[in-house]
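First up is the structure itself, then whatever we jot down about it.
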Amino acid sequence: MEFEQRFSSEQACCEYIYKLRWPNGFKCPQCQHQEAWQTERGLYHCTKCHCQTSVTAGTIFQDTKKPLQLWFRAMWYITNQKHGVSALGLQKALGLGCYQTAWTWLHKLRVAMVRPGRDRLSGIVEVDETYVGGKKPVYRGRGAAGKTLVVIMAQEDGNRIGRIRLRQVHDATAQSLEAAVKACVEPGSTVRTDGWSGYGKLECLGYVHKVVRKDYNIGENLLPLANRVASLLKRWLLGTHQGAVRRSHLEYYLDEFTFRFNRRTSRFRGKLFYRLVQQAVAIDPIISKNIGHDQPET
Ligand SMILES: [Zn+2]
């Protein structure tokens, strides 16, 4: 009810976005000038370079034909579902006539969940890989057809798991694994892995490398944080998406899982919502045709 009252009009949603986008007042995207007048259509007309911009231009909401209120309701719904949502669930919750719209929105919002300002993990980080998708569970090898390899990076926070990062990779070669670690973990951090040769050169990249087990085929759980994240991820994919994850969409699901996982202890749903809107405003508009060429999953 509080949410409905807070965003009871387009105007209220616009003002919320305005404050997130221009916390210190209007700034022209062309010339950085800080003065503008508002046109009848609600556009901001820069008094210096005379370009016009809308409050949603350059955000995920750019060119949307649907009311912002509906977008806000979508974000509220998504942040309130503890385990994640399906396009069908979102379509029903919003009363959207078109499944495709719900599907596209969900994918755009998943991108907004993690992409901007991804800071890297630091301190002590466990790194391991896991296979996602496919039918049969595989013995832990380093190559399995039909399955996607995901690098799991979990920061240690006392006895528990701190923040995580997930990265889809082509294979378990040093080249792929090093790129994933470099993108997600601050140099200088301690990285714990098994004895797989793909991790052999981490010291050269500026990490303190601790090998916790020499034989990478022994099933002993010496990387408990990474392994726990792997099993939670698989359970989540199975529960929320019935395990029917297309390889081309996996990146989005990994982003959503990461967003939720890293904020799992957030006691205030409102904060999660705030973060999501903030990130949706911060990223470039996502063109629907860039969301992958597959048909939406049903
Ligand atoms: Zn200007």
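Each value in this text was obtained by applying a stated rule to the coordinates, not by laboratory testing. Quantities reported herein were computed from a predicted structural model and do not represent experimental measurements. No Cβ is skipped: glycine too gets one built from the backbone with ideal geometry, and neighbour counts run over all protein chains shown.
Taking neighbour Cβ counts within 10 Å as the exposure measure, how do 86, 231 sort from fewest upward? Walk me through the numbers before you get to the answer.
Details: 86 17, 231 10.
The most exposed by this proxy come first: 231, 86.
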Residues 207, 18, sorted so that the one with the fewest Cβ neighbours within 10 Å comes first: 18, 207
Within straight-line cross-link reach of residue 27, aspartates and glutamates at Cα separation under 16 Å, skipping those fewer than 8 residues along the same chain: 15, 35
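What number comes out for the charge environment of residue 95, summing +1 per Lys or Arg and -1 per Asp or Glu over other residues with Cβ under 14 Å away? The partial results should precede the final answer.
Values: positive: 66, 73, 92; negative: none.
Value of the local net charge: +3.
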Local net charge near residue 42, Cβ-Cβ under 13 Å (Lys/Arg +1, Asp/Glu -1): -2
Taking other Cβ within 10 Å of each residue's Cβ, how do 203, 126 sort, fewest first? 203, 126
